[in-house]
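These notes concern the structure reproduced below.
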Amino acid sequence: MASGSKKVIYAALIANAIIAVVKFIAAAITGSSAMFSEGIHTTVDTGNQLMLLLGLKKAKKPADKLHPFGYGKEIYFWSFVVAIMIFAIGAGISIYEGIHSVLDPHPIENAIVSYGVLGAAMVITGIAWYFAWKEFKQVKGNRGYFEAVQKEKNPTTFVVLFEDSAALLGLFVAILGIGLSQWTGMPVFDGIASIVIGLILGTTAAWLAYETKGLLIGESADPRMLKEIEKTLSSYNKIRYVNEVLTLHMGPNFVLLNISVDFQDDISSDQIEVTSTELSKELKSNFPLVKRVFIESEKSNDA
């Protein structure tokens, strides 16, 4: 999964870096606000991909005394920063530039250049989007798209897809704005397109921030995994009652598991130790995401 995510990020990074340069050149030639906003948008996306790669690299750092459960949450932090970047820089500058253009509109020159650049950008971005969508589709399995985003613990699988989707929508808006400006002779539509692009980016950023915030704060493992863990616990006849099963994702591929159980009264402390050891090994074997297991022996409330 991590390898696939990296390939998707690299594909988006290369595509965006090339497109950003071309968009700024086209914006300088044509004077289009929508084209300038698209250049800002793509530049922000390029920076975002670099931050996601940084997050993946930092998340691989081994655990130490300061961070005994590792650095897996680094990818959650950097994904959240990406959302803030999209909102603060991408959306903010696009809306500002659009308002400025609406208040002081200027005719677009050499519009054919804009159409050529935006058309090429749609093709390149479409290819990057396809790779991101293919990776996300593989991860989501039989779940719906919204459910998959809500329950996915590796944000890189949907962050890049969101960015590329917003990019394609923004490109369409830019073409529409430039086209309307030409057709009506009213350059104000170019500025309006820039504002709409900013709103698209702001909406995308808000959704990304909402989804990654939950991961950053701490989310439990998939409910299906919890049910299977409880089923494993119930198969041990030395356990009388399962009080609580708590899980926490310390990273996309690291689940911390804490179990509170009430052992049978007629077993010795040695048998409790042996059972706990066997249980820990079985859980780690059956659920590869579970890296650390803590088992507490506590009397149940009904004891």
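The values are calculated or read from the model by the stated rules, or taken from the named source; none is laboratory data. No experiment lies behind these values; they were computed from the predicted model shown. In this analysis, Cβ positions are derived from the backbone assuming ideal geometry, glycine residues included, and neighbour counts consider all displayed protein chains.
Going residue by residue through the stretch 256-273, is there one that turns out to be touching a residue at least 12 places away in the same chain (Cβ under 8 Å), more than 30 Å from VAL82 (Cα to Cα) and small (Gly, Ala, Ser)? For the stretch 256-273, residues touching a residue at least 12 places away in the same chain (Cβ under 8 Å), more than 30 Å from VAL82 (Cα to Cα) and small (Gly, Ala, Ser): present.
Could you list, in sequence order, the residues of the stretch 244-277 that are of a type outside the set (A, V, I, L, M) and either under 24 Å from the mean Cα position of the chain (by Cα) or closer than 16 Å to LYS231 by Cβ (or both)?
GLU244, THR247, HIS249, GLY251, PRO252, ASN253, PHE254
Kindly indicate which of VAL255, VAL274, VAL261 is among the hydrophobic types (A, V, I, L, M, F, W, C) and not in a strand (DSSP E or B). None of the other options fit; the residue is VAL274.
Of all residues in the stretch 95-131, those that are closer than 15 Å to VAL173 by Cβ and small (Gly, Ala, Ser) total 5. Filtering VAL117, VAL123, VAL160 for residues that are closer than 20 Å to THR43 by Cα and without any contact (Cβ under 8 Å) to a residue 12 or more places away in the chain leaves a single hit, VAL123. Quick one: which residue in LEU279, LEU216, LEU289 is at negative phi, in contact with a His (Cβ under 9 Å, 6 or more places away or on another chain) and touching a residue at least 40 places away in the same chain (Cβ under 8 Å)? The conditions single out LEU289.
With respect to GLY47, determine if the residue is surrounded by 15 or more Cβ atoms within 10 Å (Cβ to Cβ), of a type outside the set (Phe, Trp, Tyr), at pLDDT 85 or above and touching a strand residue (DSSP E or B) at 6+ places or on another chain (Cβ under 8 Å). When the stated conditions are applied, GLY47 does not pass them.
Is it the case, given these coordinates, that THR212 is polar (S, T, N, Q), crowded, with 18+ Cβ neighbours inside 10 Å, in the same structural domain as PHE69 (by TED's automatic domain parsing) and assigned to a helix (DSSP H, G or I)? Yes; evaluated as a whole, the condition is true for this residue.
For the residues TYR10, TYR76, the requirement of being among the hydroxyl-bearing types (Ser, Thr, Tyr), surrounded by fewer than 19 Cβ atoms within 10 Å (Cβ to Cβ) and assigned to a helix (DSSP H, G or I) singles out TYR10.
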